[in-house]
Structure formats: structure tokens, C-alpha cells
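Below: the structure, in C-alpha cells.
What follows is calculated from the coordinates using simple rules that are stated; it is not laboratory data. Just so it is clear, the model here is predicted, and its values are computed rather than measured. Heads up, the Cβs are rebuilt from the backbone with ideal geometry, glycines too, and the neighbour counts pull from every protein chain shown.
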Amino acid sequence: MDLTNSDRDLTAEVEELSGENIFSCYQCGKCSAGCPFTEEMDQLPNQVLRKVQMGDGSVLDSNTPWTCASCLSCEVDCPKGNDVPAIMEAMREISLRKNLDRVDLNELETKDLPEIALVSNLRKKTG
Amino acid sequence: MRDIAYYPGCSLKEAAKSFEDSALKVSEEMGVNLKELSRWNCCGTVYSLTDDNLMKQLGPIRNLIRARDEGSDELYTLCSMCDNTLKRANSLVRGEEDKRDKINNFMDQENDYEGSVEVHHYLELLRDDLGWGEVRDRVVNPLEGLNVAPYYGCMLTRPKEIGLDDPHDPTVFDELVESLGGTPVDFPYETECCGSYNTVDNEEMVLNKTQTITAGAKKSGADVIITACPLCHFNLDSRQSDLLEVAPNHKPVPVIYFTQLMAIAFGYPEVNKFAEHAIDPREVLELKTKAGSER
Ligand code: SF4
Ligand code: SF4
């Protein structure tokens, strides 16, 4: 495993952005067991957390944080009280703060979408 | 008529206008005037989970300041996303002194806010303040024989700290349906997420959930699904008609706001504007209730 310096920073950055202690996760997998969107995810939520613990920067390419709907189901299920959706948000923020917006308003078909959908999406997926 | 301070949020003025119209009408019936804040702004729809960026907390907190400045120590919401965002922002102000100070210092044109306003969802007004007896007393068309699937979604019950009911086994909608004379049906997806904001850039993911949730309700015998969330409503109602294009065998279930159900039982079905729904509820309601069919 390649734990380069910049990768090790990932752990600290995610902790700072989320305000969570990433090492309190003991990998029980309950978050993933209850997540309603794992079929669409390329890595399970607990796998993402494990990679962040290890400082594995490749996890930033995962679609999991962008698939997460902030539904908080894992948040109520985690026996350690970890705020997994806040960790997913931190992962999104790392990209968004590099100006890597996930969604481009100009390319969206917005005409039939209610404002609540657009505002919430843009809050989560653009910087 | 008793005035209570009311924060509508953006959706209730546009996409979910019939949610507001029905709520205003049934409240009036119960002697309550939902008094809209004279100034308010968008709450941001989703609570920011980013610890180091307080800018995103200003929107919801400004609304709490408006309520306080208008002399209210309680503020009522209908949209479950607004309710969640306002409650969580309020908890932040109450619980994290350093962040509260930063926010207050930044908003130097406002008087400091310390979290004095109590935010409630309208369902809490019904359950905890007026009581189900008050609801029952206003029923003129009991919903006998109507099977209603209570769809709680995410934001009414999670996280635990601010949820208005048990996150795993909520009952407030069931109690409402019973008070209206209808039958709440147990269905397995009542607290499962609809896909939320992913409806904008990942329609397929939402369509899968729309199908799971609505078919699950149908299988449990539901005639109609109730919700308190304009985004859930879009994902379950409008997206259900998109689903029918790719899955013509899907058996649609109409999705309505809980206040629209109340309006039917209270004898004011005309406020509901059901013609605007993608899955028209009128046929099933006509079949099952005395007065549900009107408009
Ligand atoms: S439920 Fe909590 S402790 Fe278990 S794997 Fe998920 S985050 Fe870690
Ligand atoms: S908050 Fe995100 S990761 Fe957690 S259960 Fe919901 S979609 Fe899955």
C-alpha cells in the first residue's frame, strides 16, 4: 500500500471538514447494510471510510459520495455514532473546493424540476 | 382564532402550493391561523454537514431571527426539509458556542441569536398541541375503507436528536390517518429514502426507488400514499409517471400531502387541486370516500 504524504493528508482533511473522528469506525458494516443506494455505488460506505482511515487517495474517485442522498439512515444505525453522511459531504467538498463541480446547470434539463430539487442538488454538488 | 408563526419555505409557494392551501384551510377549521413570517428567505433545503463553513448556516438562522424579531418563541413548518434544516441549524446555535459567536459576529446587522425559538413541524402541532381529539372532531367525511400508506421519508425522523418520532418505527402519520377514520397500512419502505436531490442528475437511481416504494405500498394494499415533503412528492408522483413510460405494467399509486387527506375528511376537497398531480388521485378517492372526488 502506498501511503504517500499527500494521501495521509486525506484522513486529516476529511476529519477537519466533517468534524468527525474517522478512526472511531470499527468496520462493522452496519452503515452499508442499511444504505438504500449501495447498488448504485462502486464502493460501500464502510469501504470508503476504511480507505479514508488508511489515507488512500484513490477513494476520491469513487462515485459513492455523489450517490449518497444524505438520507441519514446510516447515521441512526451506526453503533459508534459516526456521522457517515458528514464524511460523504467532506469527500464531496474536497472535489468541490478544487472547482470540480459534479453538476453543470447549463447542461441540465431543468424545466420540469421543482426548485427544492435544484437548490438541494446544487448545494450538494456544486462549489 | 389563534395565531401561530409559520415559515412556508419556497416550495409551498410554488410546486407544493396545494400543500399550503390545504394546511391553511384545515388549520382554520381547527381555530388556528398559520401566520406567515412577514419576511423570510430560503432555508437552503439541506442542512450543511461541512464543519468549517458556517456561511451555509446563515440562511436558516436568519429565518429564526426573523421569527424572534416578530415576537415568536415558536415557529411552525410544513415542509419536512425546511423543518429539518431549521431545527438542525437551531441546534448548532444552541450547542456550539464558538460557532454561534462567529455567526453572530458575522451577521452584525442583526441582534444576536442564541437559539430561543422552538421550531416545530405541523405534525407536532396536531399530535402534541391540539391533540388527535381535535382532529377527530372536525371530520365530516370519515375515510372509512381508505387504505393509506404513511411515507415518512428521511427528514421527519432523522437524525434522532431533532426527529419528531422514532426513526425506525414512526407512528405520527398512522395516528393521523386513524383520527381521520382511514386505515394506515404497514409497508416496508415507509422510512426509506426516495433518492432526494439525486433526481436532478441521476434520474435512474430515483426511478428505481420510486418503483420500489410505490410498488411496495401497492402490494401492502395502499390506495394512496401520504407525505410531508415536496421533494418526496416530486420523486414519488411526477417520477412515477416517468416510470410508467419505461415500465408500463407498473400499477400507479397516487401520492398526496397529509393535509390534503385532512381536507377531504374535513369536507373541503376543493382546496386540493388534484388535477395538478401526475398520478391523479381522484378516481381512487372517489371510489373510496364520499367527497374526495371533487377537483
Ligand atoms: S456503522 Fe459505523 S462503525 Fe460500523 S462500519 Fe459504518 S461507520 Fe463504521
Ligand atoms: S446517508 Fe448516504 S451513505 Fe448513509 S445510508 Fe443514506 S445514502 Fe447511504
How large is the translational diffusion coefficient of region B:140-288 in µm² per second when you combine the Kirkwood radius over alpha carbon pairs with Stokes-Einstein at 4 °C and 1.567 mPa s?
84 µm²/s
Could you list which residues have their amide H under 5 Å from that of B:E118, counting only those 5 or more apart in sequence or on another chain, with H placed in the peptide plane?
B:E74, B:L75
Calculate the dipole size of region B:1-156 relative to its Cα centre from +1 charges on Lys and Arg beta carbons and -1 charges on Asp and Glu beta carbons; express the result in debye to the nearest 20.
400 debye
Give the residue list of trypsin sites (Lys or Arg not before Pro) in region B:5-60 that are DSSP loop and have at most 11 other beta-carbon atoms within 10 angstrom.
B:R39
As I understand it, the value is the acute angle between the Cα axis of helix B:97-106 and the longest principal axis of the Cα atoms of chain B; what does it come to in degrees, rounded to 10?
80 degrees
Give the relative contact order (percent, whole number) for region B:2-122; include only Cα pairs under 8 Å separated by 6+ residues.
28 percent
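Using Cα pairs closer than 8 Å and at least 6 residues apart in sequence, work out the relative contact order for region A:5-91, in percent.
38 percent
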Rounded to 0.05, the calculated FRET efficiency for the beta carbons of B:K17 and B:T212 at R₀ = 25 Å is 0.30
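Pull out a ≥ b ≥ c, the square roots of the eigenvalues of the alpha-carbon gyration tensor of region B:2-122, then state rounded if a/c is under 1.5, prolate if not and a/b is larger than b/c, and oblate in the remaining case.
Numbers: a/c = 2.35, a/b = 1.72, b/c = 1.37.
Here region B:2-122 falls in the prolate category.
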Just to be sure I understand the model, the point goes 7 Å from the Cα along the line to the Cβ. What's the resulting B:W132 to B:E36 distance in nm?
3.3 nm
Stretchable slack from A:N106 to A:Q27, in nm (0.36 nm times residue separation minus alpha-carbon distance)
24.4 nm
Please state the relative contact order of chain B as a whole percent: Cα pairs under 8 Å, 6+ residues apart?
18 percent
GNM top mover of B:P159, B:P150, B:P142 - chain B, alpha-carbon springs below 10 Å
B:P159
If I histogram all Cα-Cα distances within region A:20-63 using bins 5 Å wide from 0, what percent of pairs lands in each bin?
5, 23, 31, 25, 15, 1
Which of these, B:E97, B:E124, B:E175, has the largest mean-square fluctuation under a Gaussian network model of chain B (Cα springs below 10 Å)?
B:E97
What does the net charge come to around B:V253 if you take all other residues with beta carbon closer than 11 Å to its beta carbon, with K and R at +1 and D and E at -1?
+1
Please provide three numbers in whole Å: the alpha-carbon extents of chain A along the principal axes, with the largest listed first.
45, 32, 25
When each of A:K30/A:K51; A:K30/B:K219; B:K13/B:K87; A:K125/B:K209; A:K80/B:K160 is checked by Cα-Cα distance, pairs over 25 Å
A:K30/B:K219
Highest-fluctuation residue, B:D73, B:D165, B:D98 considered, GNM on chain B with Cα pairs under 10 Å:
B:D98
Which angle from 0 to 90°, rounded to the nearest 10, does the C-alpha axis of helix A:5-18 make with the longest principal axis of chain A?
60 degrees
Of B:T157, B:A265, B:T210, whose Cα points farthest to the positive end of the dipole of region B:140-288 (charges on the beta-carbon: +1 Lys, Arg; -1 Asp, Glu; origin at the Cα centre)?
B:T210
If you project the alpha carbons of region B:91-161 onto their three principal axes, what span does each projection cover, largest first, in Å?
56, 24, 18
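Pop out the Kirkwood hydrodynamic radius of the protein assembly as shown from its pairwise C-alpha distances, inverse of mean 1/r, in Å to one decimal. Before the final figure, lay out each step's value.
Details: mean 1/r = 0.0451 Å⁻¹.
Evaluated over the protein assembly as shown, this radius sits at 22.2 Å.
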So if I average 1/r over every pair of distinct C-alpha atoms in chain B and take the inverse, what Kirkwood radius in Å does that give?
19.6 Å
Please give the helix B:17-29 orientation as an angle from the longest Cα principal axis of chain B, in degrees from 0 to 90, rounded to the nearest 10.
90 degrees
Check: the protein assembly as shown dipole with +1 on Lys, Arg Cβ and -1 on Asp, Glu Cβ, in debye
420 debye
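With +1 assigned to the C-beta of every Lys and Arg and -1 to the C-beta of every Asp and Glu, and no other charges, what is the dipole magnitude of chain B about the Cα centre in debye, to the nearest 20?
It comes to approximately 520 debye.
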Spacing of the two label points (7 Å from each Cα toward its C-beta) at B:F106 and B:K160, in nm:
3.0 nm
At what distance in angstrom do the alpha carbon centres of region B:99-115 and region B:119-188 lie from each other?
36 Å
